[in-house]
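Data block below; observations after.
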Amino acid sequence: MIRATLSIIEIAVLSVLILATRCANYQNVFVGGNVYFTDADCYARMTRVRMCSEHPGLIIRHHDFENFPTGTTPHTTAPLDYFILALSIFLKPFTTDAIDVAGALISPLLALLGGWFLWWWSKRMKFRYRGISLIVYAISPILVQGTELGRPDHQSLLILLVAIAICAEWSLQAGEGSVSATDRSRWNVVTGLAWGSAIWISAYESLVLFLLVLVVGALKKNPKAIAARSRRIGWLCFVLVIAIALLIERRIPSFSVLYSNPLFQNWAHTIGELAHVSPANPVWLRWTGYLLLVTPFLIWISTIKSRRESERTTPLFVLVLLVATYALTVWQARWGYFFMLTFALALPRLLEPIKSRAAVWIAFFLSIFPILRDWDEKLWPNETQLADRVTQRNESAQLRDMALSLRSSKNHPFLAPWWLSPEIAYWSRQPGVAGSSHESLPGIEDSARFFVGQDWGTARKLLENHKVAWVIAYDSERAAQNSGEILGTAVPQQPVCMVLDKTATRAPPFLVFSAQNGVAKLYGVVTQ
């Protein structure tokens, strides 16, 4: 009874901590009775979900709502679309805006499932310092960002699946020779299903991690062990999931990371997730706390100890994943989710050689001061930060109002800055010239050329080529600066975006000023 009570208390505290951190941004998501998502890609995802809701069973392989009129072949896949849709069906009795609410809640709920799984798995593995791993998983800002409220992005589902895959592989290696054949078969099935599903969701991060695990396993043991009889059921499950994915999606994923197009490189430099994270950047300590500074020493101790006590040390593949994801995060910030996940999983075993529980816990609580300082700034922002948040909320509400005015039973495409296009498309139900994905680069390029151009004849030709009915002029300074960065050109003194934003009366006759609010101006395009 005492153990059961303690377990219930542990799960309750962990659940509250996970949901509290993930939902700390609720004031920016639920504004005036409406739901606002955290970034542009989320609106593209929710447009897909709405299409699936209107056409049950639809598998979306082409986006008509971005890069109009050509459209795009997206890298996003069906599973998360239908997870959100299933949640919206459950929420229908409780809200009139079930799809939006489901999109806002899906990532925190996936994080909660991940927390419950890690609680169960770490308890089963009998980690001495399992509580440290669970706390880091619950409060690390980078993991919270990947699974926060209002972020219906594939990263949240990917974090869950990769966590399950790594834990299952760890259980297989830790239990060699000491677990029953039935348990080994079960973990093999879990491994195959988790890796296969993760690659279905995103054949980028998950595929790299999967290949690293295979390579380490092949080098550490006989390469033939990968295809051993005991592993065949796992491989069968893996192949089955990949086959189902190919049959449903009917397309091969693209590898945008390999693009060498200068336009892509310029655009990538404006994306936070694709930015480099210098090893000297203080954000590392905000993610991990001071424990990161002693991690190399802990890895060295674990490596020495592994020669004698293989079952009580961190598996080699986990250490390789930890080092590899750190290096990849230095290259691209988007890998930070998986570095932090691996870091949280590895901590209990890395700390295992320290026998004094009191010393470890005191050191841990002292080490998380940078994390707590980050949360202090988020929960209690200064006046400038608070003003910026209020401004962002007001801008989102006003942009939504303008987009709603574009709704029509007919297609009336619009041109707007690329980072605003997905949300305008979602609210207006009209297709946009630009988008927020690398597949929309042609439309992003044309929208940039329009906004920083000076020749109205060229601007008109571009609008005609894309069959644009509406032009939305946003903050001209930001639009000009971003467009110039993408095109790799200097911004002229009087670009189109500045004329449309600052001096509407100087707009040419083919652009008719139609409406404005505190955020943007709307122009109708007169066709010849």
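The values are calculated or read from the model by the stated rules, or taken from the named source; none is laboratory data. These numbers come from a predicted model, not from an experiment. Backbone-built Cβ (ideal geometry, glycine too); neighbour counts: all protein chains shown. With ligands, DNA and RNA removed, areas are computed over all heavy atoms of the protein, side chains included. Shrake-Rupley method; radii C 1.70, N 1.55, O 1.52, S 1.80 Å.
Descriptive notes on the structure:
- On inspection, I59 fails the criterion of being open to solvent by less than 30 Å² (accessible area, probe 1.4 Å) and among the β-branched types (V, I, T).
- Condition met for T489 (within 34 Å of the chain's Cα centre (by Cα) and surrounded by fewer than 20 Cβ atoms within 10 Å (Cβ to Cβ)): yes
- Within the stretch 1-49, being more than 18 Å from F117 (Cβ to Cβ), hydroxyl-bearing (S, T, Y), under 22 Å from the mean Cα position of the chain (by Cα) and not in a loop (DSSP other than H, G, I, E, B) holds for Y26, Y43, T47.
- The stretch 276-302, residues that are in contact (Cβ under 8 Å) with a residue 12 or more places away in the chain, open to solvent by 20 Å² or more (accessible area, probe 1.4 Å) and more than 20 Å from V144 (Cβ to Cβ): H276, S278, P279, I299, I301
- Annotation: of all residues in the stretch 152-167 being open to solvent by 10 Å² or more (accessible area, probe 1.4 Å) and within 8 Å of the chain's Cα centre (by Cα), the one that is farthest from N25 (Cα to Cα) is H154.
- Residues in the stretch 121-145 that are open to solvent by 20 Å² or more (accessible area, probe 1.4 Å) and either out of contact with any helix residue (DSSP H, G or I) (no Cβ under 9 Å at 6 or more places or on another chain) or polar (S, T, N, Q) (or both): 2 in all.
- Residue in the stretch 185-193 that is closer than 29 Å to A78 by Cα, without any contact (Cβ under 8 Å) to a residue 12 or more places away in the chain and more than 25 Å from the chain's Cα centre (by Cα) present: yes
- Hits in the stretch 476-491 (condition: assigned to a loop (DSSP other than H, G, I, E, B) and either closer than 18 Å to T503 by Cβ or small (G, A, S) (or both)): G488, A490, V491
- Residues being touching a strand residue (DSSP E or B) at 6+ places or on another chain (Cβ under 8 Å) and surrounded by fewer than 13 Cβ atoms within 10 Å (Cβ to Cβ) - total across the stretch 492-504: 0
- Enumerated helices (runs of 4 or more DSSP H) restricted to the stretch 336-424, each holding at least 3 residues that are crowded, with 17+ Cβ neighbours inside 10 Å and out of contact with any helix residue (DSSP H, G or I) (no Cβ under 7 Å at 6 or more places or on another chain): 383-404
- Pairs linking a residue in the stretch 19-35 that is more than 15 Å from K378 (Cβ to Cβ) to a residue that is open to solvent by 40 Å² or more (accessible area, probe 1.4 Å) and part of a helix (DSSP H, G or I), with Cβ atoms under 8 Å and 6 or more positions apart or on different chains, are V31/R393.
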